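Some notes on the structure that comes next.
The values are calculated or read from the model by the stated rules, or taken from the named source; none is laboratory data. Since this is a predicted model, take the numbers as computed values, not measurements. In this analysis, Cβ positions are derived from the backbone assuming ideal geometry, glycine residues included, and neighbour counts consider all displayed protein chains. Note: areas computed on protein heavy atoms with side chains; ligands, DNA, RNA excluded. Shrake-Rupley method; radii C 1.70, N 1.55, O 1.52, S 1.80 Å.
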Amino acid sequence: MTSDMSGRAPRPRLETDDSHLDLRLLPWVSPDDKPCFLSASDGRGMVSRYADAVEAAQMVIGAGVLADAKKLLTNPEACGQHLRIALQQTARSLGDVLRVAESRGARLPAPDPEERLLEDAIDETRQR
């Protein structure tokens, strides 16, 4: 199994008959730091709603951390310790926000083949 740019393995799919059920990447990890997934078809269950609330909180926290970091970076008197703390908080929040983006992106409908060809062409152009 290959990993994506975040270093995580691609999300698994459960195959059943003619349909499939995607597993939702949850916004937290297990005690041994492994990703947690939820098998839920409609996304309206109690755990799905809780995960939505956690994701929303992570996004709000991330926005606050970004605002604080920008403010600190414009302060010429900011000391190294404050910058280090801001960078640690920013890195943690960025990880949370990327996880939210990965989870939400995984739940989007698959693009049609023509769109995929366009994306591949754009990727090729960027690599040159």
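The residues on offer are 98, 26, and the sole one that is in contact with a Cys (Cβ under 6 Å, 6 or more places away or on another chain), in contact (Cβ under 8 Å) with a residue 40 or more places away in the chain and either in a helix (DSSP H, G or I) or crowded, with 16+ Cβ neighbours inside 10 Å (or both) is 26. If only residues of segment 67-120 that are of a type in the set (Lys, Arg) and at pLDDT 85 or above are counted, the one that is nearest to residue 29 (Cα to Cα) is 99. Checked against the criteria, residue 11 counts as among the basic types (Lys, Arg), modelled with pLDDT under 50, surrounded by 12 or more Cβ atoms within 10 Å (Cβ to Cβ) and closer than 12 Å to residue 102 by Cβ. Within segment 108-128, no residue that is under 26 Å from residue 43 (Cβ atoms) and open to solvent by 100 Å² or more (accessible area, probe 1.4 Å) sits with its Cβ atom under 6 Å from a residue that is of a type in the set (Ser, Thr, Tyr) and part of a loop (DSSP other than H, G, I, E, B) at 6+ positions apart or across chains.
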